[in-house]
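The values are calculated or read from the model by the stated rules, or taken from the named source; none is laboratory data. Predicted, not measured: the structure shown is a model, and the values here were computed from it. Cβ sites come from the backbone with ideal geometry, for glycine too, and all protein chains shown count toward neighbours. Side chains are part of the model used for accessible areas, which takes the heavy atoms of the whole protein and leaves out ligands, DNA and RNA. Shrake-Rupley method; radii C 1.70, N 1.55, O 1.52, S 1.80 Å.
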Amino acid sequence: MITELAKNVFWVGVADWGLRHFHGHELSTHRGSTYNSYLILDEKVTLIDTVWTPFQDEFIQNIRKIIDPSKIDIIVTNHSEVDHSGALPAILRHCPSATVVVSRKGRESVEGHYHQPNWNFHVVQTGDRLKIGKHELVFIEAPMLHWPDSMFTCLTGPNILFPNDAFGQHYSTEFRFNDQVNEEELYEEALKYYANIITPFSALVTRKIQELLAMNLPIDMIAPSHGVIWRKNPLQIVEKYQQWAAQTPEKRALILYDTMWNATRRMAEAISDGLVEAAVPHKMLHMAVTDRNDLLVEIFKARALVIGSPTLNRGILPTIAPILEDLEGLAFKNKIGAAFGSFGWNAAAVAVIEKRFAACKIPVIAPGVSAKWQPRPEDLQACRQLGQKVAEAVKAG
Ligand code: FEO
């Protein structure tokens, strides 16, 4: 349903309740998502972002409920990823002479996606302003939040910040504003979004927020491109991003493992016993049955990562390998690590995991434990001791 955020500013996006995977199948979205687009009626009719291509007809119908799409003068493309720019070609068929406002990198990537060099582009950079009538648009480049082209747009008057992906959530809801939805669910989704998408750019988040606050733009609402709009105490999500960007872990551990014939599982349980004895909170997740993106939230929160796999074909199980890829790709900070695993005739898994920890600059705080075939009592005792050492390291900070 169309929602009016402020006088003459409308949400005309689409709620995708059924979405369960995003970025192809890379990211799980248990609560769906929304593709938020905003229509501003001033002397110039302005659209902020569009929606993903499969929803373009519904999107244009939404616009039509307010205004004939041929009346659109300006389309701000804050970010060219197709979940936001996918309906650009369709909308521009209605208003072919509309100005497409982009960052410098945005022009490059919009052209790269749609091969339309003759669209009427207007390239902006940080601090540029565009008068649209009574109000102005102020632009702030935000490279890598989420792509090199990303930018924020601020509307003066109602003082609404449109930061595109930043501060968003993959969260489909019946209502549009943060004060209308379950706060626990909202923050679960906001953190999952941060942990899975924004983490590697945390240093940029810190700097961008400092820059944004230094501009002293009044901000009464933050309207991202996914999920709900921050209307009540909008800067709460900015403060939360500042905290998350610091990547200060909780004093907790995470044991993640996979197992073929339960030997590595029994080792994981013995490590857990060691952590329990030292009263260190932790979760133990079996990767064959755990959602990878939910796991990344647990990794984000934990100080210690204890990773276990039996040896398979001179390496590790295929359920563990993607996690090690994610550790490197997402560049988590302030972690410590330890490894364990069973083997039959070639004890390779622990060394593989420790090597990947080194590549991720995650210090290994104690030598890993390997057990041949099924663990003997002394192997399980070594695992308990490993749990205790991890616990000591977690407590030490
Ligand atoms: Fe929601 Fe980077 O696109």
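Matching residues to (1) acidic (D, E); (2) touching a His at 6+ places or on another chain (Cβ under 7 Å):
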site	(1), (2)
S33	no, yes
D49	yes, yes
P69	no, yes
D73	yes, no
H84	no, no
A98	no, no
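Give the residues of the stretch 279-307 that are aliphatic (A, V, I, L, M), open to solvent by 20 Å² or more (accessible area, probe 1.4 Å) and closer than 20 Å to G397 by Cβ, sorted by residue number.
Of everything in the stretch 279-307, just one residue is aliphatic (A, V, I, L, M), open to solvent by 20 Å² or more (accessible area, probe 1.4 Å) and closer than 20 Å to G397 by Cβ, namely A279.
Residue under question is S202, and the condition is that it be within 16 Å of the ligand (Cβ to nearest atom) and open to solvent by less than 60 Å² (accessible area, probe 1.4 Å); does it hold?
It is false that S202 is within 16 Å of the ligand (Cβ to nearest atom) and open to solvent by less than 60 Å² (accessible area, probe 1.4 Å).
Step by step: first the residues of the stretch 93-122, then only those that are part of a helix (DSSP H, G or I) and among the hydroxyl-bearing types (S, T, Y), then the one that is surrounded by the fewest Cβ atoms within 10 Å (Cβ to Cβ). Which residue is that?
Taking the candidates together, the pick is Y114.
For the stretch 180-247, give me every one of the helices (runs of 4 or more DSSP H) that falls completely inside it and has 1 or more residues that are assigned by TED's automatic domain parsing to the domain that holds I140 and touching an Asp or Glu at 6+ places or on another chain (Cβ under 8 Å).
Output list reads 183-193.
Kindly provide the set of residues from the stretch 255-289 that are part of a loop (DSSP other than H, G, I, E, B), among the polar types (S, T, N, Q) and closer than 17 Å to I353 by Cα, ordered by number.
Correct list: T259 only.
Considering only the stretch 250-261, state which residues are open to solvent by 10 Å² or more (accessible area, probe 1.4 Å) and either without any contact (Cβ under 8 Å) to a residue 40 or more places away in the chain or hydrophobic (A, V, I, L, M, F, W, C) (or both).
Across the stretch 250-261, the qualifying residues are M260, W261.
If you scan the stretch 12-52, which residues turn out to be touching a Leu at 6+ places or on another chain (Cβ under 8 Å) and more than 16 Å from the ligand (Cβ to nearest atom)?
V12, L39, I40, V45, T46, L47
Can you name every residue in the stretch 344-390 that is of a type in the set (G, A, S), assigned to a helix (DSSP H, G or I), over 19 Å from R265 (Cα atoms) and touching a residue at least 12 places away in the same chain (Cβ under 8 Å)?
Result: A359, single match.
For the stretch 272-293, what are the residues that are in contact with a strand residue (DSSP E or B) (Cβ under 7 Å, 6 or more places away or on another chain) and under 28 Å from A246 (Cβ atoms)?
If the condition is that a residue be in contact with a strand residue (DSSP E or B) (Cβ under 7 Å, 6 or more places away or on another chain) and under 28 Å from A246 (Cβ atoms), then L275, V280, P281, H282, K283, M284, L285, M287, D291, N293 are the ones that fit.
Please enumerate the residues belonging to the stretch 355-397 that are among the acidic types (D, E) and surrounded by fewer than 18 Cβ atoms within 10 Å (Cβ to Cβ).
Hits for the stretch 355-397 are E378, E392.
If you check F55, F10, which single one turns out to be open to solvent by 10 Å² or more (accessible area, probe 1.4 Å), assigned by TED's automatic domain parsing to the domain that holds S172, in a strand (DSSP E or B) and within 26 Å of V181 (Cα to Cα)?
Only one candidate passes the filter, namely F10.
For the stretch 20-52, which positions are buried (at least 20 other Cβ atoms within 10 Å of the Cβ) and assigned to a loop (DSSP other than H, G, I, E, B)?
T29, N36, S37, D49, T50, V51, W52
Residue by residue through the stretch 67-83, note down the ones that are within 16 Å of the ligand (Cβ to nearest atom), crowded, with 24+ Cβ neighbours inside 10 Å and β-branched (V, I, T).
If the condition is that a residue be within 16 Å of the ligand (Cβ to nearest atom), crowded, with 24+ Cβ neighbours inside 10 Å and β-branched (V, I, T), then V76, T77 are the ones that fit.
Please name all residue pairs, on different chains or six or more residues apart, with Cβ atoms under 6 Å, provided the first residue is in the stretch 6-29 and is on the phi > 0 side of the Ramachandran plot and the second residue is open to solvent by 10 Å² or more (accessible area, probe 1.4 Å).
Partner pairs satisfying both residue conditions: N8/L41.
Residues V124, V110: which one is within 16 Å of the ligand (Cβ to nearest atom), of a type in the set (V, I, T) and in contact (Cβ under 8 Å) with a residue 24 or more places away in the chain?
Of the residues listed, the single one that is within 16 Å of the ligand (Cβ to nearest atom), of a type in the set (V, I, T) and in contact (Cβ under 8 Å) with a residue 24 or more places away in the chain is V110.
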